[in-house]
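Below is one structure; the comments refer to it alone.
Derivation of every value follows stated rules applied to the coordinates shown; laboratory data play no part. Keep in mind it's a predicted model, so treat the numbers as computed, not measured. As a convention, Cβ positions derive from the backbone with ideal geometry for all residues, glycine included, and neighbour counts pool all protein chains shown.
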Amino acid sequence: MNLSNQQGKVPHAKLQSGSVQNKYPVILDGGKTILFISDKSKEAEVIRRYEARKKTRP
């Protein structure tokens, strides 16, 4: 059985899927939750959406 490693064929962008390089952290729930966003100008919107979603869930 030949089990070769196929990573040479995977696009470079997919290999960095978990990278937080060039992203900005948004701290939520007093540090319990951290989201990384690529556009720092949307930080307030992310916080507002998270708080609204948190209020609607039981």
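Of note:
- For Ile34 and Ser19, the difference between the fully extended length at 0.36 nm per residue and the C-alpha to C-alpha distance is 4.0 nm.
- Extending 7 Å from Cα along the Cβ direction at Ala44 and again at Thr56 yields two label points whose distance is 2.2 nm.
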